[in-house]
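Structure, as structure tokens:
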Amino acid sequence: MARPNYENPILVFLGPTLRLADAQSVLDAVYLQPAAQGDILLAAHAFRPRAMVLIDGQFEDRPPVRHKEIQWAMAQGIVMIGAASMGALRAAEMCALGMVGVGLIYRWYRRWLLAPDDAVAVHSAPAELGFLPLTDSLIDLQRTFSSLMRHSVISPAERNKLSAIAREINFRDRTLVAVLRAADWGPGRYSEVQQGLIAQKRADAVLALKLAPLISVNTNHKELHEWISTNTFDRDLTASGIDKSLLYNYKFNV
């Protein structure tokens with residue numbers, strides 16, 4: 001994908017949370033695949049961004065994006081924004097160090113620090129199919145069940161039962177239909193529930209994209225964050241085939 005026609009762009013790590021075309025209609029940015037260990041470092045050198053928006057991340061086939069790497073980016077003056085999925089989790093963990101979180105899911109993780117990581121996880125198709133989500137996230141399902149209860153579509157007891165079942169299903173298999181089947185609901189009730197599905201992850205991602213230009217202008221990490229590497233982090237980069245000297249020769253305005 002071509003770079004936007006300005007220097008120091010905003011980078012967005014995006015996968016199943018939001019369709020690429022929908023994201024592009026909200027923010028003119030450089031869109032990259034979900035981030036894994038080393039990707040923030042490599043993307044910084046490739047694009048010299050003024051900000052990065054972390055929405056989706058990898059965590060199965062590759063090691064997840066490291067806290068130390070995000071801290072490195074902020075020490076270089078790059079504004080780091082997180083929302084919706086892996087980004088919300090990392091932002092809640094690193095808000096005290098300067099990472100900016102956006103959205104309800106970020107606030108949820110910040111309030112409940114021991115909330116399960118897999119609440120935002122989904123199983124998705126490969127990159128060739130645009131990371132199409134194949135399952136529903138627990139956070140979206142729980143939001144949906146609570147909304148349906150408030151609108152008297154389901155009872156409080158049904159909400160509690162559906163939420164409990166959803167929590168017990170592995171994220172690779174967790175779908176609204178799977179939850180309803182496990183609850184012994186007849187197909188006749190599926191449609192009324194499906195019509196009320198709340199896509200909270202998507203909403204938070206869109207909000208982050210809308211706010212990213214403003215946040216990138218009003219947040220300055222330069223000279224605010226001292227960064228020191230560790231032997232473990234250096235070894236992990238080397239194991240991933242990444243030259244650790246990239247940690248020490250970055251110049252923002254190049």
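The values are calculated or read from the model by the stated rules, or taken from the named source; none is laboratory data. These numbers were taken from a predicted model, which means no experiment stands behind them. Glycine gets a Cβ as well: all are built from the backbone with ideal geometry, and neighbour counts include every protein chain shown.
With respect to the conditions (1) in contact with a strand residue (DSSP E or B) (Cβ under 6 Å, 6 or more places away or on another chain); (2) over 23 Å from residue 98 (Cβ atoms), residue 49 lacks only one, and its number is (2). Residues that are at positive phi, in the same structural domain as residue 57 (by TED's automatic domain parsing) and in a loop (DSSP other than H, G, I, E, B) occur in segment 76-83; there is at least one. Is one or more of the residues making up segment 158-165 exposed (fewer than 11 other Cβ atoms within 10 Å of the Cβ) and either touching a helix residue (DSSP H, G or I) at 6+ places or on another chain (Cβ under 9 Å) or farther than 22 Å from residue 91 by Cβ (or both)? No, every residue in segment 158-165 fails to be exposed (fewer than 11 other Cβ atoms within 10 Å of the Cβ) and either touching a helix residue (DSSP H, G or I) at 6+ places or on another chain (Cβ under 9 Å) or farther than 22 Å from residue 91 by Cβ (or both). Inclusion of residue 124 among residues that are hydroxyl-bearing (Ser, Thr, Tyr) and farther than 14 Å from residue 200 by Cα is warranted. So, in segment 6-21, exactly how many residues are part of a loop (DSSP other than H, G, I, E, B), closer than 13 Å to residue 206 by Cα and in contact with a helix residue (DSSP H, G or I) (Cβ under 8 Å, 6 or more places away or on another chain)? Counting residues in segment 6-21 that are part of a loop (DSSP other than H, G, I, E, B), closer than 13 Å to residue 206 by Cα and in contact with a helix residue (DSSP H, G or I) (Cβ under 8 Å, 6 or more places away or on another chain) gives 3.
If you go through segment 132-157 and keep only what is loosely packed, with under 13 Cβ neighbours inside 10 Å and modelled with pLDDT of 95 or more, you end up with 156, 157.
If you go through segment 120-169 and pick out every residue that is on the phi < 0 side of the Ramachandran plot, assigned to a loop (DSSP other than H, G, I, E, B) and within 19 Å of the chain's Cα centre (by Cα), you end up with 11.
Beta carbons closer than 9 Å, at least 6 apart along the sequence or on distinct chains, pair a first residue in segment 96-117 that is of a type in the set (Ser, Thr, Tyr) with a second that is part of a loop (DSSP other than H, G, I, E, B) for 106/84; 109/115; 109/120. Exactly one condition in (1) under 16 Å from the mean Cα position of the chain (by Cα); (2) at pLDDT 95 or above; (3) not charged (D, E, K, R) is false for residue 63; which is it? Tallying (1) under 16 Å from the mean Cα position of the chain (by Cα); (2) at pLDDT 95 or above; (3) not charged (D, E, K, R), residue 63 fails exactly one: (2). Looking only at residues in segment 121-131 that are of a type outside the set (S, T, N, Q), under 17 Å from residue 19 (Cβ atoms) and surrounded by 12 or more Cβ atoms within 10 Å (Cβ to Cβ), the one that is modelled with the lowest pLDDT is 130.
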